[in-house]
Amino acid sequence: MNTPTAASRLRQFDDLPGPRGVPVFGNLLQIESTRLHLQLEQWCEEYGPIFKLRLGPRRAVVLGDHELIATALRDRPDGFRRTTKLEQVWTELGLMGGVFGANGETWRRQRRMVMAAFDPGHVKRYHPALQRVGLRLAQRWQQAARHGTTIDLQADLMRFTVDAIAGLAFGAEVNTLQSDEDVIQKHLNRIFPAVFKRIFAPLPLWRWFPSAEDRALVRSVAEVNAAVDGFIVQGRRRLEANPALREHPSNLLEAMLVAADEPDSGMDDSQVAGNVLTMLLAGEDTTANTLAWMIHLLWQNPQALAEAAAEVRRVCADGEPPTVDQIGQLDYVEACAHETMRLKPVAPQNAMQALRDTTLGDVHIPAGMVVFAVMRRDAVSERHIRDAARFNPERWLADGRPGQNASAAKRISMPFGAGPRICPGRYLALIEMKMAMAVLLSRFDIQNVGTADGKEPRELMQLAMSPVGLKMNVREHGIRAEA
């Protein structure tokens, strides 16, 4: 606790700089939710690494300093929680709660269950399912190569991650890559954008004047909840039919059900269902977006692309989806993933709410205050990282060249968050990324990656940040293009 003298030296909310707002709404009408991360980064440059926003009746402090951000992230779950606004929107939509949105003791119980399911030993046992999905991705792109078809990069990678999550996490064969039956994906794709849009909406118009889009969203939530309930029922049936699965679960869902059944776990199937939904939503968008950005950045950096392809073709010489051991040898591809997440983090901002009075730097943060963390600002700043704007995977390697600031990049870039609430799926996400890149680089030569107008892909923020309009053309490796 601060002494009165110390507290008097702290800056209060009203002392902070920030963009001028308007009566009642404050800065809320200035917010463009689909590019909020860019607005926050720009305002950081104008007003400094700590500034204020008024969002209607809510007050928010924005942090652009990585050390202060790390302090706040590590003070979760006791000092900071997910925002009540997120919880309100999530619940109003009828979405089941999971570890992503949980707080307090509920979060602790769910975290233990989810971490047990994401144990690396379990994830390795699920690897054959991921290889099957990788093979389906290869076959889809092989057809595109043979027919000269342009690949919608974002859409295909979403299919890959939906199929991967369904197989790895739930033991369900959701085959959108081969069948084009993207019903689940279509419903999932409505949810994150709607949640993010409603968080920053000046008025809850959907309550009074629901649009066709709002009505479609209600149907999508119902469909996704029904699919999740189905996964739970199937998982229970498998455990009953084969008790040995309790010792060696074949997927993440079974591992969570086993953990929930432990005495005093405090968990039931509804909370398992909430985390199934969380995996579907978070696992689809974030991994697919990172892969799309990585392929784009590699195409822009031919030397890095050549080195990544050489590594994959050496490790996966037979062109088959890599084994667990082969995945572990793709060090340069993993460095490309980390460098992509530094430059194009799919979570470039993180919102939290103070549970108690605290201080961040020289600013007093009262209980209930919302804090926005601008995650990318310092990670792409020359103040902290040399050649910060350059895509340079070598900075992530243990044998990186001298002066590459590897330790600075690892300390400042926090794509999976930090502290007790760091993303539990980060290990699985990296494996999925390496699988998709191994499939691409072992079997195909990239001919082009870009947008229809030839410009840089726009960064679209919808809870996760994605590239807009990226297309790719490939040919099968070893097959010469016709003259």
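Comparing Cα centroids, the range 182-224 and the range 312-336 end up 39 angstrom apart. The calculated P(r) of the range 220-374, using every Cα pair and 10 Å bins from 0, goes 9, 21, 23, 29, 16, 2 in percent. Look at the dipole of the chain built from charges on Cβ: of A273, A226, A194, the Cα furthest out on the positive end belongs to A194. A protection proxy built from the mean count of other Cβ atoms within 10 Å ranks the segments 417-424, 61-68, most packed first, as 61-68, 417-424. Peptides 36-48, 439-451 ranked from most to least packed, by the mean per-residue count of other Cβ atoms within 10 Å: 439-451, 36-48.
In plain terms, the bigger the Kirkwood radius, the slower the diffusion; for the chain, with that radius from Cα pairs, at 25 °C and 0.890 mPa s, Stokes-Einstein puts D at 104 µm²/s. Structural descriptor for the range 4-476: relative contact order 25 percent, calculated from alpha carbon pairs under 8 angstrom and at least 6 residues apart. Rg/Rh, computed from the Cα trace of the range 19-87 with Rh as the Kirkwood radius, has the value 0.98.
Charged side chains reduced to their Cβ positions (Lys and Arg at +1, Asp and Glu at -1) give the chain a dipole of some 780 debye around its Cα centre.
Using just its DSSP H runs of length 4 or more, each adding -39500 (n - 2.57), the chain gives a mean residue ellipticity at 222 nm of -16500 deg cm²/dmol after division by all residues. Close amide H contacts of V363 (hydrogens built in the peptide plane, cut-off under 5 Å, sequence separation of 5 or more or a different chain): R11. Between H477 and L29, the modelled label-to-label distance comes to 5.6 nm, taking each label 7 Å out from Cα in the direction of the beta carbon. Note on the range 290-391: Cα-Cα pairs beyond 16 Å make up 69% of the total pair count. Helices meeting the span-like rule in the chain (full DSSP H runs, Cα extent of at least 24 Å along the helix axis, mean Kyte-Doolittle score of 0.5 or higher): 153-170, 426-443.
Three principal axis extents describe the C-alpha atoms of the range 184-232; from largest down they are 37, 17, 16 Å. By its C-alpha gyration tensor, with a ≥ b ≥ c as the square roots of the eigenvalues, how is the range 20-158 shaped: rounded for a/c under 1.5, else prolate for a/b larger than b/c, else oblate? Because a/c hits 1.5 or more and a/b fails to exceed b/c, the range 20-158 counts as oblate. One chain, two ends: R9 and S270. Fully extended at 0.36 nm per residue, the span grows by 89.2 nm beyond their Cα-Cα distance. Summing charges over neighbours of L137, with a neighbour being any other residue whose Cβ is under 9 Å away from its Cβ, gives +1 when K and R count +1 and D and E count -1. If each Cα of the range 326-483 is one equal point scatterer, what is log10 of I(q)/I(0) from the Debye formula at q = 0.10, 0.12 Å⁻¹? Result of the Debye calculation: -0.49, -0.69. Coordinate range of the alpha-carbon atoms in the range 410-483 per principal axis, descending: 56, 29, 20 Å.
Under 5 Å from the amide H of L63 lie the amide H atoms of F372, A373, V374, each residue being 5 or more positions distant or on a separate chain, with H modelled from the backbone and absent for Pro and chain starts.
The numbers here are math on the coordinates, done by the rules we state, and not lab data. This one's a predicted model, so the numbers in the text were calculated from it and none came from an experiment. Neighbour counts run over all protein chains shown; Cβ positions are idealised from the backbone, glycine included.
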